[in-house]
Amino acid sequence: MNQVDACVAVIHQIASGFVPQVSIVLGSGLGTFADQVEDVASISFDELPGFPQAGVGGHAGRLVLGEVQGTQVAVLQGRAHYYEQGQADVMAVAIQTLKALGCEALVLTNAAGSMVTKAGPGSVMMITDHINMTGVSPLFGAQGNQRFLDLSQAYHPKLNDAMRSAAKANNVTLHEGVYAWMCGPNFETPAEIRALKILGVQAVGMSTVPEVILARHQGMPLCALSIVTNYAAGISPIPLSHEQTITYAKMATDGVERLLTGFLHSYKAVT
């Protein structure tokens, strides 16, 4: 039995017959959204073979299964990052397990730095496209022609539209932009941020893009949100830190929870 099959077996043993419609990956400081779930089960990543060991503050490392606004959800409280062990595919088993469970769509969230003055700390930005600045892919070593993946519409237009509608209906200001994935764990230099601006980037962070690639490799449609926790290097005199990330992510919690709840309330198989 491979790791994905083993994970599915564990989940079915604990939550027999549960089939999620939407999965949500919660980034740094956003784990409290799981409290909105009328939970069927809560499973530690430690119980799921191949799931990541969440080693960053603000990541609880649990899979919460249940319902929000009538939509069946699988919520990952936390993720692992490329910079922790140098593994771009560290989230592969988790994403593949969600697909194997029958998940129809994926919503990714992260904490990010903003390059847009009007999108300051505490705001929310929907990712419309990305630039991979790391030079690595979670598909290194994958076999078959499916690895030659088309990412021209990595972020699903209909899911993006559904998120826009949820933002409007729930009075949440939703910025939009291109996200750049950087290795981390150090923050970027002002020169790097100036270079990213020239490339057309509006937000920068250390996650999410590998999961986008893995999910699209599995044929799973997705959308993604960046919670702005700081201005990028050189834009604000405030020193960058992970503590700042957690603080401002918590400040954005109310808006993000209203946005996600509204999205799930109106969710249909829009893809």
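The values are calculated or read from the model by the stated rules, or taken from the named source; none is laboratory data. On a predicted model such as this, the values are computed, not experimentally measured, just so you know. Cβ: placed from backbone, ideal geometry, glycine included. Neighbour counts: every protein chain shown. Ligands, DNA and RNA are stripped out before the accessible areas are found, and what is left, the full protein with its side chains, is counted by its heavy atoms. Shrake-Rupley method; radii C 1.70, N 1.55, O 1.52, S 1.80 Å.
The table for this structure:
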| read-out | value |
| --- | --- |
| Of all residues in the stretch 1-41 being of a type in the set (Ser, Thr, Tyr) and at pLDDT below 95, the one that is least open to solvent (accessible area, probe 1.4 Å) | 28 |
| Matching entry among 38, 84 (being more than 24 Å from residue 233 (Cα to Cα) and acidic (Asp, Glu)) | 38 |
| Given (1) among the hydrophobic types (A, V, I, L, M, F, W, C); (2) open to solvent by less than 10 Å² (accessible area, probe 1.4 Å); (3) within 18 Å of residue 81 (Cβ to Cβ), number of the condition residue 223 does not satisfy | (3) |
| Filter result for residue 210 (closer than 20 Å to residue 132 by Cα, touching a strand residue (DSSP E or B) at 6+ places or on another chain (Cβ under 6 Å) and of a type outside the set (Asp, Glu)) | no |
| Helices (runs of 4 or more DSSP H) wholly inside the stretch 198-271 containing at least 3 residues that are at pLDDT 95 or above | 209-217, 253-265 |
| Meets criteria (touching a Ser or Thr at 6+ places or on another chain (Cβ under 6 Å), of a type in the set (D, E, K, R), under 26 Å from residue 115 (Cβ atoms) and outside any loop (DSSP other than H, G, I, E, B)) for residue 192 | no |
| Selection from the stretch 63-82 of residues that are surrounded by fewer than 21 Cβ atoms within 10 Å (Cβ to Cβ) and modelled with pLDDT under 95 | 69, 70 |
| The stretch 189-206, residues that are over 15 Å from residue 123 (Cα atoms) and open to solvent by 20 Å² or more (accessible area, probe 1.4 Å) | 189, 190, 191, 192, 194, 195, 197, 198, 199, 200, 206 |
| Sole exception among (1) touching a helix residue (DSSP H, G or I) at 6+ places or on another chain (Cβ under 7 Å); (2) within 22 Å of residue 265 (Cβ to Cβ); (3) in a strand (DSSP E or B) for residue 167, by number | (3) |
| Residue identified as part of a loop (DSSP other than H, G, I, E, B) and farther than 26 Å from residue 156 by Cα among 17, 29 | 17 |
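Rundown of residues vs (1) touching a residue at least 40 places away in the same chain (Cβ under 8 Å); (2) closer than 23 Å to residue 107 by Cα, yes/no style:
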residue	(1), (2)
131	yes, yes
135	no, no
149	yes, yes
155	yes, yes
165	yes, yes
172	yes, yes
196	yes, no
206	yes, yes
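Here's the yes/no breakdown for (1) surrounded by fewer than 16 Cβ atoms within 10 Å (Cβ to Cβ); (2) under 19 Å from the mean Cα position of the chain (by Cα):
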position: 118; (1), (2): yes, no
position: 128; (1), (2): no, yes
position: 132; (1), (2): no, yes
position: 155; (1), (2): no, yes
position: 158; (1), (2): yes, yes
position: 165; (1), (2): yes, no
position: 171; (1), (2): yes, no
